[in-house]
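S.K.: Structure incoming, see below.
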Amino acid sequence: MRASMAEDWSARQYLKFEDERTRPPRDLLAQVPLDRPARVVDLGCGPGNSTELLIDRFPTAHVVGLDSSPDMLAQARERLPKTTFIEADLATWVPQEPTSLLFGNAVFQWVPDHTRIFARLMQALPGRGVLAVQMPDNTDEPALALMREVAGRGPWAASLALAAAARDELPRPQDYYDLLRPLSRHLDIWHIVYNHVLAAPDAITEWFKGSALRPFLDALEGGMREEYLAAYTAEIAKAYPACQDGKVLLRFPRLFIVAMK
């Protein structure tokens with residue numbers, strides 16, 4: 001995750017929804033066309049849930065986790081004490097050893113100009129090496145749109161840091177295709193839309209407190225932060241009506257890319 005965040009990412013908050021957050025990397029991994037890679041790097045490994053999937057799938061591989069968040073890395077090392085984890089910034093990192101699989105689970109949406117980084121990573125792969133990536137493609141969903149809308153009104157509206165907190169939209173699938181096709185012998189791009197069943201509207205707030213809300217909350221202090229969260233949660237309750245059993249469905253589109261060099 002990007003190192004320029006004002007505060008470190010909270011692994012504990014992120015893992016409140018571990019089962020749901022682990023489904024996308026599991027779905028991505030199922031499409032990786034490798035049997036016995038020698039070296040695998042989990043880019044933006046977070047608290048190690050995706051790294052654990054890679055270890056289980058490729059038991060003979062040397063699996064390395066990489067992240068820019070000390071808190072996430074501490075959680076990952078506690079979870080997988082025999083695994084190598086390194087702190088690094090994806091904006092500049094390149095593999096120093098031949099690597100068969102570069103696996104990026106929900107990280108590149110935070111990395112500025114990540115298409116340029118994709119090209120650099122593809123060039124660093126050996127023949128038949130794979131870049132496998134999934135990213136949230138949900139900036140138009142109510143949960144993210146409301147972060148921006150609530151930030152634009154109220155006593156915090158003048159905060160420049162808050163105004164800059166929103167995540168950029170992803171490029172179009174065609175843009176990724178045009179970038180990666182000349183670098184790939186095999187390229188697959190697809191979307192999956194998840195409908196996560198959550199206990200109540202405020203659970204949606206809890207979900208995003210571990211990810212997309214972090215830059216907004218880091219831009220505010222004390223009582224202002226709590227006021228923003230209360231205003232956001234009130235809007236979430238309107239945008240996500242309860243199902244017949246009182247639970248809510250969080251619609252969550254994600255973009256997947258698997259490119260073999």
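S.K.: Any aspartates and glutamates with Cα under 12 Å of the Lys247 Cα? List them, leaving off those in the same chain fewer than 8 positions away.
M.R.: Excluding near neighbours in sequence, the set is Asp202.
S.K.: Send over the Kirkwood Rh of the stretch 27-73, from the inverse of the averaged 1/r over different Cα pairs, rounded to one decimal Å.
M.R.: 11.0
S.K.: Sorted by average packing, counted as other Cβ atoms within 10 angstrom per residue and highest first, what order do 219-228, 64-73, 147-156 take?
M.R.: Packing order, densest peptide first, comes out as 64-73, 147-156, 219-228.
S.K.: Relative to the first principal axis of the alpha-carbon coordinates of the chain, what is the inclination of helix 70-79, with its axis defined by its Cα atoms, in degrees from 0 to 90 and to the nearest 10?
M.R.: 60
S.K.: If each Cα of the stretch 15-104 is one equal point scatterer, what is log10 of I(q)/I(0) from the Debye formula at q = 0.11 Å⁻¹?
M.R.: -0.27
S.K.: From the helices alone, meaning DSSP H stretches of at least four residues, give me the mean residue ellipticity at 222 nm for the chain, per-run term -39500 (n - 2.57), in deg cm²/dmol to the nearest 500.
M.R.: After summing the helix terms and dividing by residue count, I get -11000 deg cm²/dmol.
S.K.: When the Kirkwood radius is taken over all Cα pairs of the chain, what Stokes-Einstein diffusion coefficient follows at 37 °C and 0.692 mPa s, in µm²/s?
M.R.: In µm²/s, the coefficient is 172.
S.K.: Please list the equivalent ellipsoid semi-axes of the stretch 149-241, computed as the square roots of five times the alpha-carbon gyration tensor eigenvalues, in descending order and whole angstrom.
M.R.: Rounded to whole Å, the semi-axes are 33, 19, 10.
S.K.: For the stretch 50-165, would you read off the P(r) tail past 24 Å as a percentage of all alpha carbon pairs?
M.R.: So the pairs more than 24 Å apart make up 41 percent of the total in the stretch 50-165.
S.K.: If you don't mind, another one. With springs connecting C-alpha atoms under 10 Å apart, model the chain as a Gaussian network and identify which of Asn49, Asn138, Asn195 has the largest mean-square fluctuation.
M.R.: Asn195
S.K.: Still on this structure, please answer the following. Where does helix 18-29 land angle-wise versus the long Cα axis of the chain, in degrees 0 to 90, nearest 10?
M.R.: 30
S.K.: Could you please state how large a percent of the accessible area of the stretch 39-123 is carbon and sulfur, counting protein chains only and using a 1.4 Å probe?
M.R.: Ligands and nucleic acids excluded, carbon and sulfur reach 51 percent.
S.K.: If you roll a 1.4 Å probe over the heavy atoms of the protein chains, what accessible area per residue do you get for the chain, in Å²?
M.R.: I get 45 Å² per residue for the chain.
The values are calculated or read from the model by the stated rules, or taken from the named source; none is laboratory data. No experiment lies behind these values; they were computed from the predicted model shown. Heads up, the Cβs are rebuilt from the backbone with ideal geometry, glycines too, and the neighbour counts pull from every protein chain shown. Heads up: the accessible areas ignore ligands, DNA and RNA and are worked out on the full protein's heavy atoms, side chains in. Shrake-Rupley method; radii C 1.70, N 1.55, O 1.52, S 1.80 Å.
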